[in-house]
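We did not get these values from a lab; they are worked out from the coordinates using the rules stated. On a predicted model such as this, the values are computed, not experimentally measured, just so you know. When we count neighbours, we look across all protein chains shown, and the Cβ atoms used for this are built from the backbone with ideal geometry, even at glycine.
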Amino acid sequence: MKVTGFTFIRNALIYDYPVVEAIRSILPICDEFVVAVGNSDDATLQLISRIDPSKIRIIETVWDDSLREGGRVLALETDKAYQAIPADTDWAFYIQGDEVVHEKYLETIKNSMLQWKDHPEVDGLLFDYLHFYGSYDYIGTSGIWYPHEIRVLRKKSDIYSYLDAQGFRKGKNEKLMVKPVDACIYHYGWVKEPAAMQRKKEDFNKLWHPDNWVEKNVIKADEFDYSDIDALELFRGTHPAVMLDRIQNKNWSFDFDITYSRLGLKDRFKFILKKYTRIELGHKNYRKI
């Protein structure tokens, strides 16, 4: 079985992406890794090139910054990395620059890959998600956070990244057929030094909206205000080993009263339903088999 990891990244240092940790977290079960490094204003290319030259293959890309509808450029950059994966790959393991896999899940993921490798009806594997917010101590609990997504998929010519690169489709906008894997993606996209988070918020809105919309709707500030959130709970587990240095060096504080909630009635109902019955309502970007 051949496994190829893949991701895309640009300006990792400016926006404080844990992309090195992301790649290293799944590298042990990857035979090789393709990274699409976009035209950056920092030393992202050098950062990626130092990780593991024996396994990592870099393709340098140029982002089309004129694509501002639904974050489409993010999907196109994902496709560039996916299309560079060798045809003899059985499974392609996708990881975004702010996602990390705990080492405790690697054997489970590899076993699931082996289990479904010779079942062509299975297009991919579906992962659970933990979305950290504000600091490494809190996770989001409201309906704004997606609970699952595909991160392992077959290398097939008709599979492509969907919308803003959150998920994938095949053929003419068909959802992928997936099997759940008992493993979790740790999403750290909302845990950054507040100044870096503010830079990302101001700049990344330009991937979805025109300049006049950004000027009108995105608050300019020196630091991001993490207090504007509806509901969080304490994280009581352990973080991936590759994240420990980053966590140890965190240089800001964020505290949240977990008894406080601004969830609306609809979100409260969905939260209770999921907690006690595991039934999830809402749109799903895949089809379980």
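List Asp64, Asp16, Asp203 from most exposed to least, where exposure is judged by having the fewest other Cβ atoms within 10 Å.
Lowest count first: Asp64, Asp203, Asp16.
What's the exposure ranking of Ile139, Ile51, going from fewest to most Cβ atoms within 10 Å?
Ile51, Ile139
Which length gain, in nm to one decimal place, applies between Ser227 and Cys184 when the Cα-Cα distance is subtracted from 0.36 nm times their residue separation?
Numbers: separation 43, 0.36 × 43 = 15.48 nm, distance 2.59 nm.
Full extension of this stretch gives 12.9 nm more.
What list of ³J(HN,Hα) values in whole Hz, one per residue of the range 161-167 in order, does the Karplus curve 6.51 cos²θ - 1.76 cosθ + 1.60 (θ = phi - 60°) give from phi, with Gly and Pro shown as x?
6, 10, 6, 9, 6, 6, x
Let's test the formula: R0 of 41 Å, r as the Cβ-Cβ distance of Ser49 and Asp118. What FRET efficiency results, to the nearest 0.05?
Values: r = 36 Å, r/R0 = 0.87.
Approximately 0.70, to the nearest 0.05.
Hey, what number do you get for the chain at 222 nm if only DSSP H runs of n ≥ 4 count, each worth -39500 (n - 2.57), divided across all residues, to the nearest 500?
So the calculated ellipticity at 222 nm is -7000 deg cm²/dmol.
Could you tell me the calculated FRET efficiency between Leu234 and Phe204, based on Cβ-Cβ distance and R0 = 25 angstrom, to the nearest 0.05?
Details: r = 28 Å, r/R0 = 1.11.
So, using R0 = 25 Å, E works out to roughly 0.35.
Just check the range 149-205 against the gyration tensor rule for me: Cα atoms, a ≥ b ≥ c as the square roots of the eigenvalues, rounded for a/c under 1.5, and otherwise prolate or oblate depending on whether a/b exceeds b/c. List each step's numbers first, then the result.
Values: a/c = 3.95, a/b = 1.80, b/c = 2.20.
Verdict is oblate for the range 149-205.
For Val34, enumerate residues with amide H under 5 Å from its amide H, sequence gap 5+ or separate chain, H modeled in the peptide plane.
Gly5, Phe6, Thr7, Arg57
Specify whether the C-alpha gyration tensor of the range 102-260 places it in the rounded, prolate or oblate class, a ≥ b ≥ c being the square roots of the eigenvalues: rounded for a/c under 1.5, otherwise prolate if a/b is larger than b/c and oblate if not. Don't jump to the answer; show the numbers that get you there.
Details: a/c = 2.39, a/b = 1.39, b/c = 1.72.
Here the range 102-260 falls in the oblate category.
Positive end of the dipole of the chain, charges at C-beta (+1 Lys, Arg; -1 Asp, Glu), about the Cα centre: which of Leu130, Phe235, Gln115 has its Cα farthest in that direction?
Gln115
Of all beta bridges DSSP finds with both residues in the range 1-146, what is the antiparallel percent, to the nearest 5?
5
Within the P(r) computed for the chain, what percentage of the Cα pairs occupies the region above 33 Å?
Of all Cα-Cα distances in the chain, 21 percent exceed 33 Å.
Gain in length, Leu13 to Tyr146, computed as 0.36 nm per residue apart minus the alpha-carbon separation, to one decimal in nm?
That pair, Leu13 and Tyr146, stretches by 45.3 nm at full extension.
Which chymotrypsin sites (Phe, Trp or Tyr not before Pro) does the range 183-267 hold that lie in a coil by DSSP with at most 10 other beta carbons within 10 Å?
The qualifying sites are Tyr260.
Given R₀ = 25 Å, what would the calculated FRET efficiency be for Asp64 paired with Lys216, taking r from the Cβ atoms and rounding to 0.05?
0.55
On a 26 Å Cα-Cα criterion, which of the cross-link pairs Lys155/Lys250; Lys192/Lys216; Lys80/Lys170; Lys172/Lys288 come out too long?
Those over the limit are Lys155/Lys250.
Sort Ile219, Ile247 so the one with the fewest other Cβ atoms within 10 Å of its own Cβ comes first.
Ile219, Ile247
Can you give the relative contact order of the chain as a percent, counting alpha carbon pairs under 8 Å and 6+ residues apart?
For the chain, the relative contact order is 21 percent.
Any idea what log10 I(q)/I(0) is at q = 0.10 Å⁻¹ for the range 71-190, Debye with uniform C-alpha scatterers and no solvent?
Scattering profile of the range 71-190, log10 relative to I(0): -0.31.
Tell me the Rg and the Dmax, in Å, that the Cα atoms of the range 162-246 produce.
Here Rg and the maximum Cα pair distance are 17.4, 44 Å.
If all Cα-Cα distances of the range 1-146 are sorted into 10 Å bins from 0 onward, what percent lands in each bin, rounded to whole numbers?
10, 38, 37, 15, 1
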